[in-house]
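One structure, pasted below without further comment.
The values are calculated or read from the model by the stated rules, or taken from the named source; none is laboratory data. Just so it is clear, the structure is predicted and the values come from calculations on it, not from any experiment. In this analysis, Cβ positions are derived from the backbone assuming ideal geometry, glycine residues included, and neighbour counts consider all displayed protein chains.
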Amino acid sequence: MKHLLSTQDLSAGNALRLLDVAEEMAAVGEREIKKLPALRGRTVVNLFFEDSTRTRISFEAAAKRLSADVINFAAKGSSVSKGESLKDTAQTLEAMSADAVVIRHPASGAPARLAASGWIDAAVVNAGDGTHEHPTQALLDAFTLRRHWAGVAGAASPGTDLTGMKVLIVGDVLHSRVARSNVWLLTTLGAEVLLAGPPTLLPVGVGAWPCTVFYDLDDALAERPDAVMMLRLQAERMNAAFFPSLREYSRRWGFDDGRLALLDTLGLDDTVIMHPGPMNRGLEISSAAADSPRSTVLAQVRNGVSVRMAALYLLLAGDPHDEQDQQRHRHDRQSDDPDLIPEGRTP
Amino acid sequence: MTVPAQESGPHKRVVLAEADIDRALTRIAHEILEANKGSRDLVLLGIPRRGFPLAQRLAQKIAAVDPTVDPDLITGQLDVTMYRDDLRRHPTRSPLATQLPPSGIDDKVVVLVDDVLYSGRTVRAALDALADLGRPRTVRLAVLVDRGHRELPIRADHVGKNLPTSSRESVRVHLAEIDLIGGSAVNEVVIEDRV
């Protein structure tokens, strides 16, 4: 891997490798000294053109635990507000010899542009672009789901995938990059994905996605999902009337106390409730649901650091030239590329 | 033991067979007990991948001599991938698990176990990894094969076999726990010409 831009072109082999590395990173997070020297002397730039708390902090913690130097760049208070273009910003970072750029941008495709433009030699990690993708969020969701799924099966999670798991994604799919990244990744990992949301908040062409679509949350819950992922209602991207009122949205699409009780009634003892955060409590998820033992919200945040450590490690630790060779192999890829299977330790 | 049929590839000769490996490990186990004056505070940490099964075998042999020892409680695995000094020279390696015995390593006598001692760089990485995990009282090094060509001031305390080699050769250790050759598990140390 040279860049991590989307989960759509991530092979099952690469995704599983990243999740397995994340398991080892999680073990480091439980030690007294939570630090590894793997990226010593490398520079990671957090380039955030959009507000973010947990993603930026999570990437910063991940880079620091791997001993990389971190430069935080927020568009507010920078020359971007004076009208500097993405290209000029990128070239500035190149001149400062950044090894990786973690970018969040309101425009879909900005990270891909940065990666393909040749403006900058660094590895590009997409930390959310417009309504396109948010791959590390999907990877941490997959990591959380995999641990849960392995726990239910009574097995250790490394090496396993999500075969047989049914994941329901609910709410504002139209504006959600988290939903898109999750649909591709969870399908790649063998899970069955269900979507539920009001027709106005489902994107055009959703029928072509590898998932089943429901227009009623209770119908979808009757399908007995193993995980329910509630999406945040993205008020800042709502530029039209997508539904009559917040109260109606909450009643029809919110995970409220009644639906929490419904999970028990249906006998779904092992079903977890996920939310990528930040939560609108009382709107798409009730406080009782968010704080219930089924909720994985805090586990998701914790796993985020491990998954981002794994992503930065896999992108930056190895020989960059070899990585480019592998990238070339990836383009004529089969479903699994043997080139990226970890090699044994040479004596 | 049946030696697998010679392949038409590089020249290959077996330098330690199954019985030789077993004898060497028995001797090392006794040496470890002798140097430590018993099994007190002993922890064996294998360096993946083949150091770990070797550490397990040594623990079994120590337990056979000293029945108060539970081999599972003194064995662990120490992954050194993240501490290597050649990370940037190779395609990215996936780290393997680090598992310490429940007693931890603080104030213990830690014996690092690996299959082949060559440049010494793996052991250097292991010493750094160890420092992040705790502070052992003493660290010792046991290897099945010492093939020379050290690049760092590191030596082993317990050596199964000193094997003078050329740097054009490679030494391969095959252990039944990990290696299947032609469908059968083998225990052997072979020298091959590097292609």
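I want to confirm something. Restricting to the range B:94-103 and keeping residues that are facing chain A (nearest Cβ under 10 Å) and part of a loop (DSSP other than H, G, I, E, B), which single residue is nearest to B:Leu73 (Cα to Cα)?
Of all residues in the range B:94-103, those facing chain A (nearest Cβ under 10 Å) come to B:94-100.
Add one more test, that the residue is part of a loop (DSSP other than H, G, I, E, B), and what stays is B:94-98, B:100.
Values: B:Ser94: 26, B:Pro95: 23, B:Leu96: 20, B:Ala97: 17, B:Thr98: 15, B:Leu100: 9 Å.
Checking each candidate, the answer is B:Leu100.
Here's another thing I want to ask about it. For the range B:6-27, state whether one or more residues are at pLDDT below 95 and touching a helix residue (DSSP H, G or I) at 6+ places or on another chain (Cβ under 6 Å).
Looking for residues that are at pLDDT below 95 and touching a helix residue (DSSP H, G or I) at 6+ places or on another chain (Cβ under 6 Å), one finds none in the range B:6-27, hence no.
When the range A:67-82 is examined, which residues are found to be within 15 Å of A:Phe48 (Cα to Cα) and exposed (fewer than 14 other Cβ atoms within 10 Å of the Cβ)?
Once the filter is applied, which keeps residues that are within 15 Å of A:Phe48 (Cα to Cα) and exposed (fewer than 14 other Cβ atoms within 10 Å of the Cβ), the range A:67-82 yields A:Lys76, A:Gly77, A:Ser79, A:Ser81.
Same structure again: If you check A:Val213, A:Val228, A:Val272, which single one turns out to be closer than 13 Å to A:Gly171 by Cα, β-branched (Val, Ile, Thr) and surrounded by 20 or more Cβ atoms within 10 Å (Cβ to Cβ)?
Going through A:Val213, A:Val228, A:Val272 in turn, just one is closer than 13 Å to A:Gly171 by Cα, β-branched (Val, Ile, Thr) and surrounded by 20 or more Cβ atoms within 10 Å (Cβ to Cβ): A:Val228.
Right, another one. If the requirement is being away from chain B (no Cβ under 14 Å), within 25 Å of B:Ser94 (Cβ to Cβ) and crowded, with 16+ Cβ neighbours inside 10 Å, which of these qualifies: A:Leu18, A:Leu5?
A:Leu5
Counting only residues that are in a helix (DSSP H, G or I), of a type in the set (Gly, Ala, Ser) and within 26 Å of A:Gly164 (Cα to Cα), how many does the range A:224-270 have?
Restricting attention to the range A:224-270, the residues satisfying the condition of being in a helix (DSSP H, G or I) are A:235-237, A:246-253, A:257-265.
Subsequent filtering for residues that are of a type in the set (Gly, Ala, Ser) retains A:235, A:250, A:258, A:261.
Add one more test, that the residue is within 26 Å of A:Gly164 (Cα to Cα), and what stays is A:261.
Going through the range A:224-270 one residue at a time, the tally reaches 1.
Out of the residues in the range B:54-82 meeting the condition of being within 16 Å of B:Thr26 (Cα to Cα) and crowded, with 22+ Cβ neighbours inside 10 Å, tell me which one is farthest from the other protein chains (Cβ to nearest Cβ).
By that ranking, first place goes to B:Ile62.
If you take the residues of the range B:117-159 that are part of a helix (DSSP H, G or I) and of a type in the set (D, E, K, R), which of them is nearest to the other protein chains (Cβ to nearest Cβ)?
B:Asp132
Would the range A:45-63 turn up any residue that is within 30 Å of B:Gly134 (Cα to Cα), at pLDDT 95 or above, in a loop (DSSP other than H, G, I, E, B) and not assigned by TED's automatic domain parsing to the domain that holds A:Gly277?
No: the range A:45-63 contains no residue that is within 30 Å of B:Gly134 (Cα to Cα), at pLDDT 95 or above, in a loop (DSSP other than H, G, I, E, B) and not assigned by TED's automatic domain parsing to the domain that holds A:Gly277.
Can you pull out every residue in the range A:119-145 that is of a type in the set (Phe, Trp, Tyr) and over 12 Å from the mean Cα position of the chain (by Cα)? Spell out the reasoning first.
Step one: list which residues in the range A:119-145 are of a type in the set (Phe, Trp, Tyr), which gives A:119, A:143.
Residue satisfying the conditions is A:Trp119 alone.
Give the range A:33-63 a look and list any residue that's surrounded by fewer than 20 Cβ atoms within 10 Å (Cβ to Cβ), in contact (Cβ under 8 Å) with a residue 40 or more places away in the chain and out of contact with any strand residue (DSSP E or B) (no Cβ under 7 Å at 6 or more places or on another chain), or say none.
Across the range A:33-63, the qualifying residues are A:Thr53, A:Arg54, A:Ala61.
Could you check the range A:84-161 for helices (runs of 4 or more DSSP H) lying wholly inside it with 3 or more residues that are in contact (Cβ under 8 Å) with a residue 40 or more places away in the chain and either surrounded by fewer than 24 Cβ atoms within 10 Å (Cβ to Cβ) or among the basic types (Lys, Arg) (or both)?
By residue number, A:110-116, A:135-153.
Can I ask one more? If you check B:Asp86 against the conditions, is it within 14 Å of another protein chain (Cβ to nearest Cβ) and either under 29 Å from B:Val190 (Cβ atoms) or surrounded by 18 or more Cβ atoms within 10 Å (Cβ to Cβ) (or both)?
Yes, satisfied.
Among (1) among the basic types (Lys, Arg); (2) crowded, with 16+ Cβ neighbours inside 10 Å; (3) out of contact with any strand residue (DSSP E or B) (no Cβ under 7 Å at 6 or more places or on another chain); (4) touching a residue at least 24 places away in the same chain (Cβ under 8 Å), there is one condition B:Arg135 misses while meeting the rest; what is its number?
Status for B:Arg135: all satisfied but (2).
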